[in-house]
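Report on the structure given below.
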Amino acid sequence: MQITNTILMVRPVRFRMNEQTAVNNFFQEDLELRNSEINRQAQEEFDGFVKRLRDEGVSVIVVEDRLEMDTPDSIFPNNWVSFHQDGTVVVYPMYAENRRRERREDIFDILEEQGFEIRQIIDYTGAELDGFFLEGTGSILMDREHQKAYCALSARADEAVFIEFCEEFEVTPVIFTANQSVDGKRLPIYHTNVMMCLGEAFAVICLDSIDDRKERKNVLDHLKRDGKEVIDISEAQMHAFAGNMLQVAGRDGERLLVMSASAHRSLTPDQIRRLEKTSRIISSPLDTIETCGGGSARCMMAEVFLPAK
């Protein structure tokens, strides 16, 4: 399955701009508000987003963050864990030290209590000791149907760890570098999933971010060979989080494309028309989360593909 009806989300308790991730997440900006107010606004956006998903028939498992852990980015659980259809859970090495505290075994217990089966846990976190990282489905975009995985290399996506992941899951790696303009320089984009989204029949991608022509052609060749309709977005649209979308299954299996209100507003009528051929667009305002966290709708959703017990 390429998409799922079940999503894990973590409700924040100390959300703020994370100083440890701002060094290479150029989507983050500071707000002149107290951290308590930033967290309150983020909670409101989170709760509204969860309600929006549940109203559309998406099964959302919400876990409360722990105050004592001081984890400002816990709202983005897809970076530290992924849940697979064969019952495998993967735990990933994280760039920022304070993000490593997001990893919680009790979440696995919660999923098992919800009726899911966990058969094995693959743990790549030892790579942190050597300074190598791979931040979950932020770094890795899976095409499950065609057994491929796309990855834009960066400080948070190490090639060797990614290849190890691909060998473990017997998928073909598609590797490239994606850049953005920062103060006149071209610098790596921190996560693949802010410049690219893979659905069952489409791919949203900021092709301009792939500066190397051979790499760009290789990515396009893979997508077109697999029958994906390629919807190119601009760098400005990418900064509005138009690449940070996720296709999910709603009520009665209806295909939904989930994104933030800012991403939705940035799309052209033609892009919306092409996306709506396969999915109904669902959007929710996430302005505070996007500004301070540098992530958006897709980052907030950890897909659960685990089998039922």
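Quick notes
- Environment charge of residue 85, counting only residues whose C-beta is closer than 12 Å and scoring Lys/Arg +1, Asp/Glu -1: -2
- Extension gain, residue 221-residue 201: 0.36 nm per intervening residue step, less the Cα-Cα distance, totals 5.7 nm.
- Restricting attention to the chain, lysine pairs at least eight places apart or on different chains and with alpha-carbon atoms under 16 angstrom apart total 5.
- FRET efficiency estimate (nearest 0.05) - Cβ-Cβ, residue 59 to residue 163, R0 30 angstrom: 0.35
- Charged-residue dipole, Cβ positions (Lys, Arg, Asp, Glu), region 47-190 about Cα centre, Debye nearest 20: 600 debye
- Calculated mean residue ellipticity at 222 nm for the chain: -7500 deg cm²/dmol, from DSSP H runs with n ≥ 4 weighted as -39500 (n - 2.57), summed, divided by the residue count and rounded to 500.
- Anisotropy class of region 38-85 from Cα gyration tensor, a/c 1.5 cut: oblate
- Chain lengthening between residue 308 and residue 113 when straightened (0.36 nm per residue, less Cα-Cα): 69.1 nm
- Pair residue 130, residue 230: separation of 7 Å Cα→Cβ label points (nm): 3.4 nm
- Centroid-to-centroid separation of region 34-72 and region 100-124 [C-alpha atoms, Å]: 20 Å
- Modelled spin labels at residue 105 and residue 1, positioned 7 Å past Cα toward Cβ, are 2.8 nm from each other.
- Among 262, 283, 181: highest mean-square fluctuation, GNM of the chain, C-alpha pairs under 10 Å: 181
- Projecting the Cα atoms of 184, 49, 236 onto the charge dipole of region 6-303, computed from C-beta unit charges around the Cα centre, puts 236 farthest toward the positive end.
- Once the Cα gyration tensor of the chain is diagonalised, semi-axes √(5λ) in Å: 25, 23, 22
- Counting only Cβ charges, +1 for Lys and Arg and -1 for Asp and Glu, the dipole size of the chain around its Cα centre is about 860 debye.
- When you filter the GluC sites (Glu not before Pro) in region 154-251 for DSSP loop state and at most 15 other Cβ atoms inside 10 Å of their Cβ, you are left with 170.
FYI, it's all coordinate maths here, none of it is from the lab. Just so we're clear, the structure is a prediction, and the values are computed from it rather than from any experiment. Glycine also receives a Cβ, built like all others from the backbone with ideal geometry; neighbour counts cover every protein chain displayed.
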